[in-house]
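A quick write-up on the structure given underneath.
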Amino acid sequence: MSNTRHLVNLALIGFMGTGKSSVGRLVAEQLHFDYLDTDELIQARTGRTITDIFGKEGEAAFRKLEQQLVRELAARKRTVISTGGGLPAIAANLASLRTHALVICLWASPEKIWERVRNQTHRPLLRSPNPKLKIRELLAAREPYYRQADVLINTDLRSAREVAQQVVHQFKLAQSEQR
Ligand code: S3P
């Protein structure tokens with residue numbers, strides 16, 4: 001893999017419930033970029049929900065689908081890519097994203113994440129007897145990967161619109177520095 005970076009895309013990474021999808025859509029609109037959500041694309045291509053893939057084939061099968069998709073993303077241009085929460089926790093995925101995208105991590109505290117996801121049911125990893133503990137454990141395990149992003153934005157006290165503004169600002173800054 002080449003070390004040269006061409007920041008033609010923007011990738012949002014971060015834990016579940018940090019607002020990657022809502023922020024990603026707003027950013028794509030503002031930059032006039034395409035929007036792509038890795039979870040949505042996997043579901044559209046397989047015709048199955050993520051819960052179903054996890055349940056019937058296990059997490060490893062889902063991670064393989066993610067890895068295949070990540071390799072394809074290198075061919076994209078002018079795209080805001082919103083990634084599943086576990087995708088950057090595989091070093092090769094993050095390395096691949098970095099070759100063509102500015103990588104921005106949306107961060108949130110475990111308390112805030114819990115507040116945002118507690119009434120949602122579509123995330124198999126949080127179907128645990130103690131989802132709050134699961135969030136803490138997963139977040140701690142993934143933090144070293146999330147911290148490798150080019151930019152880290154704390155979303156705890158910001159609306160999706162405010163976060164989107166920051167993301168756009170950082171992207172424009174990075175592009176002007178690249179010229
Ligand atoms: C996952 C996060 C989910 C989805 C899958 C696994 C994770 O995406 O990819 O349920 O490992 O954190 P979101 O971060 O968009 O919820």
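Values in this text are rule-based calculations from the coordinates and carry no lab data. No experiment lies behind these values; they were computed from the predicted model shown. Here Cβ is always computed from backbone atoms with ideal geometry, including for glycine, and neighbour counts include all displayed protein chains.
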When DSSP beta bridges are limited to those with both residues in the chain, what percentage is antiparallel, rounded to the nearest 5?
-> 0
Other-chain or far-sequence residues with amide H under 5 Å of ASN154's (modelled H) | TRP107
Using eta = 0.890 mPa s and T = 25 °C, Stokes-Einstein with Kirkwood Rh from Cα pairs puts D for the chain, in µm² s⁻¹, at 149
Cut-off 14 Å (backbone N to label point 7 Å along Cα→Cβ of VAL8), residues of the range 15-38 | 34
On average, how much area does the Cα convex hull of the range 99-152 cover when viewed from any direction, in nm²?
-> 4.5
Mean shadow area (nm²) of the C-alpha convex hull around the range 1-93 is 6.2
Measure out, as a whole number of angstrom, how far apart the alpha-carbon centroids of the range 91-129 and the range 18-49 sit.
-> 13
Could you give the nm distance between label points at ARG25 and GLU143, where each point is 7 Å from its Cα heading toward the beta carbon?
-> 3.2
Hey, what number do you get for the chain at 222 nm if only DSSP H runs of n ≥ 4 count, each worth -39500 (n - 2.57), divided across all residues, to the nearest 500?
-> -17000 deg cm²/dmol
Among residues other than ASN130 whose Cβ falls under 14 Å from its Cβ, what is the net charge (Lys/Arg +1, Asp/Glu -1)?
-> +4
Can you pick out the pairs among LYS64/LYS112; LYS20/LYS132; LYS77/LYS112 whose Cα atoms lie more than 23 Å from each other?
-> LYS64/LYS112; LYS77/LYS112
Which of the trypsin sites (Lys or Arg not before Pro) found in the range 88-160 are in a DSSP loop and have at most 16 neighbouring Cβ atoms, other than their own, within 10 Å?
-> ARG118, ARG127, ARG147
